[in-house]
Structures are given as C-alpha cells and as structure tokens.
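In what follows, a structure is listed as structure tokens, so that the remarks can point back to it.
Values in this text are rule-based calculations from the coordinates and carry no lab data. Remember, predicted model here, so these are calculated numbers, not experimental data. Here the Cβ positions follow ideal geometry from the backbone for every residue, glycine too, while neighbour counts run over all protein chains shown.
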Amino acid sequence: MIKNIGIWISSLKIRHQFFLLLLLTGVLCFSLFQFLWQNKWEAAYAARHMGIVSIPESHDDFFQNLYDHAKEYSVPDSENNLKQQREFAPFFNLCDEYTGMYIYGADDGIYRTGRFPEYFYKHSSFFYNLSANFTDNIGEEYVELSLHFKNGYYSVQVYLYHNAEFIFYYYIFCFIFCVVLFLSALLFFINRKMKSIISMEKDILRMSTGDLEHPISVQGNDEIGILGRELDHLRMTLRENIIQEQESRKANQDLITALSHDLRTPLTILRGYLEVMQLRRNPEIHEEYLRRCLKKTGDIQELTDRMFEYALVSEEKEIPEFSVLTTDTLLQYLRENCEYIRLAGFRTDCHFPEESAELSSDSLMLKRIFTNLFSNILKYGDKESPVRIFCVIRTIPEQVHISVGNTVRKEYSDADSNNIGLKNVQKMVDLLGGRLDMERCQGAFTVHLTFPLKKQESSPFRLTLHR
C-alpha cells in the first residue's frame with residue numbers, strides 16, 4: 001500500500017508534489033504546535049524538575065501576609081494624593097517582582113493605588129505586549145481579594161506573572177521548532193530535485209563531449225524524470241545514428257574497394273587481348289579478339305554503372321539484381337575465363353555437364369565471382385600444373401557444384417595476402433544465397449561454391465571452385 005502511494009506521488013507533476021508537501025507538512029506542523037502548546041504546563045513542570053529552567057514561585061504565605069499587614073495601612077483617598085501614596089508604598093513591598101497589585105474602592109470601585117510588576121520594567125513594555133499578544137496572557141494568574149485596611153474594606157486585585165517568562169519562551173520555542181520543521185521538509189524536497197537536475201546536467205555535459213555510452217540518470221516520473229528519459233532516448237538515438245553512419249561509410253568504402261578491384265580483372269583481360277593482337281601472329285583470330293575486347297568493355301561499363309548507382313543511393317550494402325539464368329550461362333563464363341588463362345600459358349582440365357538447369361541469380365555478380373577467382377589463378381597459379389575445373393548438377397538436393405583448383409607457385413605458397421578478391425567473392429556468394437568453401441593442401445588451393453537451383457528454393461545450388 002505504502003509502495004503504491006509512493007509510486008503515485010512520484011508520478012505527479014512537480015507543482016502537484018510541492019502543493020501536496022505544503023499541505024501535509026503544514027497540517028503536521030500545525031498539529032504538532034497545538035500538541036506542544038496544550039501540554040505547556042506539563043512541559044513547565046518537567047523543565048522545572050529536570051533543572052532545565054528556573055521558574056520563580058510565589059510564597060505560600062503571601063496572601064496571609066496581605067491579610068495580616070493590611071490593617072497597618074490606610075488606603076489613599078485618591079491616586080492623586082501623593083503624601084498618602086508614599087505612606088502606603090511600604091505595603092507593596094510584600095509583593096515580589098513578578099506580582100502586580102491594584103486597589104479599588106469597595107463601594108464606588110474607584111482606583112486608589114497600585115503597583116505594576118517590576119519584572120516588566122526590566123524588560124520594557126515590548127516584552128509584556130509581545131507576551132500578552134502571543135500567549136493571550138496565559139501565564140498570568142489573577143486573584144481578587146477583599147482586605148480590611150485601617151480605613152475600611154477595599155477590593156484588591158492581585159496579578160501573578162511567575163510563569164509568564166517561561167510561557168513566552170516556550171511559545172517562541174514551539175513556534176520556531178515547527179517553522180524549522182516545515183522549512184526543512186520543503187528544503188529537503190527542493191534539494192532532491194536540485195540533485196536530480198545537477199546529475200542530469202553532468203550527464204548532458206558528458207554527452208556533449210562525445211561520450212554517448214554513459215546513460216542519463218532517470219529518477220521519478222515527474223517532469224525531471226520525463227526529461228531524463230527523453231534525453232537518454234536522444235543519447236541512444238544519436239549513438240545508433242553515429243554507429244549506422246560509421247557502418248554505412250565502411251560498407252560504402254568496402255563496396256567501392258570491391259568494385260574497383262573487380263574492374264582490374266576485365267581491364268587485365270582486355271589488355272591481354274590487345275597485346276596478343278599487337279603481335280599480329282594470328283591475323284585470322286583478330287576479329288574474334290576484337291569481339292571479346294568489345295565484350296570486356298561492356299563488362300567494364302556495367303561495373304562502373306553499378307558503382308555509380310551505389311554511390312548515388314548510398315546503400316549500406318550491395319543488392320543483387322536477380323533474374324532467371326541457366327547453367328549454360330555459368331558454363332559460358334567458365335569457358336571464357338578458361339580460354340583467357342590458356343592464353344596466359346596455363347593448362348586446363350575441364351569437366352562440364354551436358355544437362356542444363358535454371359537458377360535465380362545476378363549475372364553481373366556471377367561474372368565478378370569468376371573473374372576474381374581466375375584473376376587469382378593468373379597472379380598466384382603455377383603454370384606447370386593444370387587448372388582443374390569441374391561442374392556438376394545435382395538433383396538431391398537440387399544444386400550446381402563447381403570446383404576450381406590449381407597449384408600455387410612456391411614464392412606465394414607461404415606469402416600473406418589481403419585476399420581482397422576472395423573477400424569480395426565471399427560477400428557476393430552470400431548475397432546470392434550460396435556458399436563458399438576454401439581448401440589448402442600441399443601447395444594446392446581449392447575454392448568451392450554452392451548455389452540453389454530454381455526448382456526448389458530450399459535446396460542449395462553448390463558451385464565448387466578449386467584453386
């Protein structure tokens with residue numbers, strides 16, 4: 001129950017919390033003041049017996065002395081008779097400094113003489129008026145007597161102020177204590193809110209320096225808590241945007257690097273054809289080489305168009321353009337690359353299937369996959385060993401399997417490489433839904449590729465290339 005009330009209070013707006021605090025604290029402090037004031041005499045008794053304060057007491061025989069000594073004095077006829085006033089003055093010596101006495105005629109009620117308590121002369125009339133206004137003269141005791149003086153009976157009014165000083169200071173103590181308690185509750189509330197604001201300020205300054213990992217402190221469900229949650233949400237959004245921007249920038253850089261690397265292979269092939277034509281050894285094949293050169297320029301143009309396309313749209317990763325192809329298209333790409341490496345002096349051992357099947361893929365990516373793989377053969381392959389190329393169409397599961405393998409030259413067998421081409425191949429194979437496996441064994445390098453055929457989307461089409 002108390003926990004639910006705390007949750008409800010924390011969900012209120014700050015002004016409502018402050019108003020509720022004012023109301024509850026005000027009622028509590030007022031009730032406490034009333035309780036302390038109603039028990040003032042108990043407090044006076046306890047303070048007197050504990051020795052905390054010294055409260056003067058009137059003498060027990062004071063009134064008896066008044067009766068006994070009244071017969072020795074004559075009450076002045078009027079308050080203006082100074083001689084009679086001086087003669088009667090010793091009678092007031094029976095009163096202590098906290099006692100006041102006023103004498104009136106018994107028949108006519110006219111004031112004859114009196115004595116104001118000397119205590120109030122010492123503390124000025126301000127103390128008396130303040131005490132009377134605050135305490136409503138609660139510390140005052142009043143007794144009216146009829147005394148027989150030498151010249152007859154007179155009405156004597158006696159005022160005792162022995163408790164007035166304690167009552168006044170006790171009232172001030174109760175008032176100040178309750179006010180301090182009231183203000184302390186308000187200051188505690190304000191201090192808590194200020195701590196939340198200061199903590200949030202530190203978090204914001206930390207965030208402004210670029211530290212987006214440190215969370216914004218959130219306390220309560222009021223305006224400060226809501227602001228803290230929104231700032232923390234802003235922090236996380238900024239952090240995610242920066243991370244996405246960095247990843248996007250890296251992806252674009254990787255994409256440009258991959259496409260730039262892929263451009264080198266058709267350019268190298270084009271250069272090779274042109275160099276062969278420049279030798280003019282076989283004029284009868286010039287037309288065929290010119291056709292192939294034009295085809296490679298088309299491949300280069302297609303790659304550059306794709307490069308500009310991704311640069312303009314700022315895609316985070318390359319998206320394949322799927323179309324229905326046949327395995328004959330794959331074999332055509334393989335034959336073209338086999339013929340090119342043969343021109344470079346390599347021997348090939350090819351085994352291709354006679355049957356055909358369909359698959360959904362991106363023709364440009366397939367070209368780039370093969371050109372990257374055969375480009376690595378040109379760079380690292382040993383011409384003394386044949387390049388082994390196999391293609392198999394499987395029915396269970398329905399997939400095409402191609403393997404290309406070659407022997408690596410000794411000077412490259414232990415050399416480190418950044419493998420940009422193979423990394424590009426891995427990315428493109430993943431985008432096309434295939435699988436890439438690589439093997440190294442006793443100087444031989446083999447690449448395996450797997451892709452699904454179109455008849456069953458769930459079955460993988462596997463292309464294995466040995467290199």
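Tabulated results
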quantity: Cross-link reach list, lysines versus LYS71, counting only Cα pairs under 27 Å and skipping chain neighbours closer than eight places; calculated: LYS83, LYS150
quantity: Ordering of 377-387, 194-204 by packing [mean C-beta count within 10 Å, highest first]; calculated: 377-387, 194-204
quantity: At R0 = 45 Å, FRET efficiency that the Cβ-Cβ distance of PHE175 and SER74 yields, to 0.05; calculated: 0.40
quantity: J(HN,Hα) series, segment 225-237, from Karplus relation 6.51 cos²θ - 1.76 cosθ + 1.60, nearest Hz, glycine and proline x; calculated: x, 4, 4, x, 5, 5, 5, 5, 5, 4, 4, 5, 5
quantity: Anchor LYS296: aspartates and glutamates whose Cα lies under 18 Å away (excluding residues fewer than 8 positions away in-chain); calculated: ASP262, GLU275, GLU287, GLU288, ASP305, GLU336, GLU339, ASP362
quantity: Rounded to whole Hz, the Karplus (6.51, -1.76, 1.60) HN-Hα couplings of segment 294-299, x for glycine and proline; calculated: 4, 5, 5, 5, x, 4
quantity: Mean Cβ count within 10 Å, highest first, over the residues of peptides 43-50, 423-430; calculated: 423-430, 43-50
quantity: For ARG394, distant residues with modelled amide H under 5 Å away; calculated: GLN399, VAL400, HIS401
quantity: Calculated from backbone phi, Karplus (6.51, -1.76, 1.60) coupling profile of segment 242-259 in Hz, x at Gly/Pro; calculated: 5, 5, 4, 5, 5, 5, 5, 4, 5, 5, 5, 5, 5, 5, 4, 4, 5, 5
quantity: Links that overshoot a 29 Å alpha carbon limit, given the list LYS250/LYS410; LYS383/LYS423; LYS202/LYS250; LYS379/LYS454; LYS295/LYS423; LYS40/LYS193; calculated: LYS250/LYS410; LYS202/LYS250; LYS379/LYS454; LYS40/LYS193
quantity: Relative packing of 444-454, 291-301, 261-271, which averages over residues the other C-beta atoms within 10 Å, highest first; calculated: 444-454, 261-271, 291-301
quantity: Paramagnetic reach from PHE63 (point 7 Å along Cα→Cβ, amide N under 14 Å) across segment 141-170; calculated: 141-147, 156-160
quantity: Among CYS338, ASN372, PHE352 - extreme Cα towards positive end, dipole of segment 322-467, charges at beta-carbon; calculated: ASN372
quantity: Cα-based Rg of segment 322-467 normalised by 2.2 N^0.38 Å, two decimals; calculated: 1.00
quantity: For LEU147, distant residues with modelled amide H under 5 Å away; calculated: TYR154, VAL156
quantity: Charge-dipole axis of segment 211-305 as Lys and Arg at +1 and Asp and Glu at -1 on Cβ define it, positive-most pick from MET277, LEU227, LEU238; calculated: MET277
